[in-house]
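The values are calculated or read from the model by the stated rules, or taken from the named source; none is laboratory data. Predicted, not measured: the structure shown is a model, and the values here were computed from it. Here the Cβ positions follow ideal geometry from the backbone for every residue, glycine too, while neighbour counts run over all protein chains shown.
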Amino acid sequence: MNPPRILSIAGSDSSGGAGIQADIKTITMLGGYAMTAITAITAQSTLGVTGVETLSPEMVAAQIDACIGDIGVDAVKIGMLGSAAIAHAVADKLETLGVPVVFDPVMIATSGSVLADADTIAAFERLIAVATLTTPNVPELAALGGDAAMAARSTAYLAKGGDAEGEVVEDRLVVPGCEPIIWTAPRLNTRHNHGTGCTLSSAIATFLGQGMALEAAVEAGRTFVQLALRDAPGFGAGHGPMGHAVVRLDLAGELCLNQITLPARDLDESVAFYKALGLTQVVDSPKSGYARFEAPGGVTLSVSTGHGEVVGGGIYFECLDLDAVIAALTNAGMAIEPARDQSWGWREAWLADPAGNRLCLYSAGLSRRYPPWALPRQDDR
């Protein structure tokens with residue numbers, strides 16, 4: 001199966017945390033093929049933007065034509081544009097393209113630097129009209145006229161709440177004619193949050209390019225951002241970049257082999273062995289006879305003595321849409337147990353191969369590597 005072809009139209013971030021660089025990382029980690037049309041070159045670090053040079057509208061249009069005319073495009077993400085003329089040039093190219101478009105109306109960088117003037121913001125109207133989804137944060141939504149103005153435009157938008165006050169972050173997906181869908185999550189108190197908007201919008205575009213429905217694409221995109229925030233490398237003295245590269249096996253597609261559970265005779269001996277092997281312990285549950293470890297690259301391995309809730313061993317394949325995978329395999333003649341929600345936050349469906357080896361199809365989201373009871377990591381920030 002070929003990867004979805006995702007075109008990012010955005011500015012370059014020399015620090016690598018946001019813009020085109022964040023988009024390429026996100027699209028690649030989610031199994032897409034990333035292409036770019038660069039609108040502006042910025043000199044910036046985690047401390048702020050020190051210089052911006054905008055490309056000509058003709059050059060931006062030429063990049064878009066080069067990608068569409070040869071490789072083709074399955075979805076588009078739009079970020080920083082740089083000028084009203086570029087916004088109009090992009091709208092000219094996308095109005096008849098006929099693929100999902102996610103528009104992140106970038107106006108201000110995480111550091112506070114202004115990236116769009118009044119004329120550019122006014123030109124956003126054509127892009128909002130062509131977009132499948134617009135993803136404003138709190139100040140961007142206000143600059144676009146608020147919820148009432150977005151409702152008058154009869155367009156789908158995701159009102160991101162990361163800029164709001166409070167310990168709980170609320171994101172609202174508003175689709176004309178439907179009840180708003182609201183997600184909430186505890187705020188992650190970290191300064192390493194540069195490029196969250198770019199990452200979210202390019203993740204949603206990638207999932208839409210894979211054929212995922214809008215609500216599911218937004219939910220999966222939010223999970224990717226939450227994981228990348230937790231996996232931040234800790235670079236820079238200001239708003240540091242996220243850890244895109246670590247999130248490679250959490251949302252990888254229909255069947256991702258990312259977890260193995262092995263039987264154990266003595267839990268303490270097994271824990272000591274796998275620690276000595278160099279794995280990082282992420283769950284310690286001696287009362288349940290269970291421990292989980294993470295290997296470099298993101299694969300997790302668990303050991304279980306079998307006297308707790310987790311019994312025996314198995315090979316685990318994570319699925320973005322568990323129900324769809326179960327339905328497809330059942331229609332193909334495979335015998336699969338009904339999916340069940342587990343107390344540890346996973347949803348699991350079990351089957352066996354011809355030799356009797358136990359296999360688990362499951363979905364876990366954050367709970368594979370970062371369950372609420374996860375052990376603190378030495379590099380937690």
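Could you please give the count of residues in region 25-36 that are surrounded by fewer than 24 Cβ atoms within 10 Å (Cβ to Cβ), farther than 19 Å from Gly211 by Cα and in contact with a His (Cβ under 9 Å, 6 or more places away or on another chain)? The number of residues fulfilling the criteria is 0. Selection of region 223-239 for residues being over 17 Å from Pro371 (Cβ atoms) and crowded, with 22+ Cβ neighbours inside 10 Å yields Phe224, Val225, Ala228, Ala232, His239.
Of the residues making up region 175-210, just one is touching a residue at least 12 places away in the same chain (Cβ under 8 Å) and at positive phi, namely Gly195. Which of the residues that make up region 332-381 are within 14 Å of Asp250 (Cα to Cα), of a type in the set (Phe, Trp, Tyr) and not in a loop (DSSP other than H, G, I, E, B)? The one that is within 14 Å of Asp250 (Cα to Cα), of a type in the set (Phe, Trp, Tyr) and not in a loop (DSSP other than H, G, I, E, B): Tyr362. Give region 37-84 a look and list any residue that's more than 19 Å from Ala205 (Cβ to Cβ), among the polar types (S, T, N, Q) and surrounded by fewer than 21 Cβ atoms within 10 Å (Cβ to Cβ), or say none. Once the filter is applied, which keeps residues that are more than 19 Å from Ala205 (Cβ to Cβ), among the polar types (S, T, N, Q) and surrounded by fewer than 21 Cβ atoms within 10 Å (Cβ to Cβ), region 37-84 yields Ser45, Thr46, Thr50, Thr54, Ser56, Ser83.
Of all residue pairs spaced 6 or more apart or on separate chains, those with beta-carbon atoms under 7 Å, a first member in region 266-284 that is assigned by TED's automatic domain parsing to the domain that holds Thr305 and a second member that is part of a helix (DSSP H, G or I) are Leu267/Pro286; Gln281/Val271; Gln281/Lys275. Look at (1) under 23 Å from Ala364 (Cα atoms); (2) of a type in the set (Phe, Trp, Tyr); (3) more than 16 Å from the chain's Cα centre (by Cα) and you find that Tyr157 fails only one, number (1). Taking each residue of region 77-90 that is farther than 11 Å from Ala10 by Cα and looking for partners that are of a type in the set (D, E, K, R) and not in a loop (DSSP other than H, G, I, E, B) with beta-carbon atoms closer than 6 Å, six or more apart or interchain, yields Ala84/Asp119.
Can you confirm whether Leu30 is in contact (Cβ under 8 Å) with a residue 40 or more places away in the chain and of a type outside the set (Gly, Ala, Ser)? In short, yes.
Give region 167-213 a look and list any residue that's aromatic (Phe, Trp, Tyr) and either part of a strand (DSSP E or B) or touching a Lys or Arg at 6+ places or on another chain (Cβ under 7 Å) (or both), or say none. Within region 167-213, just Trp183 meets the criteria. Filtered by the rule that a residue be in contact with a helix residue (DSSP H, G or I) (Cβ under 6 Å, 6 or more places away or on another chain) and among the aliphatic types (A, V, I, L, M), region 39-71 gives Val60, Ala61, Ile64.
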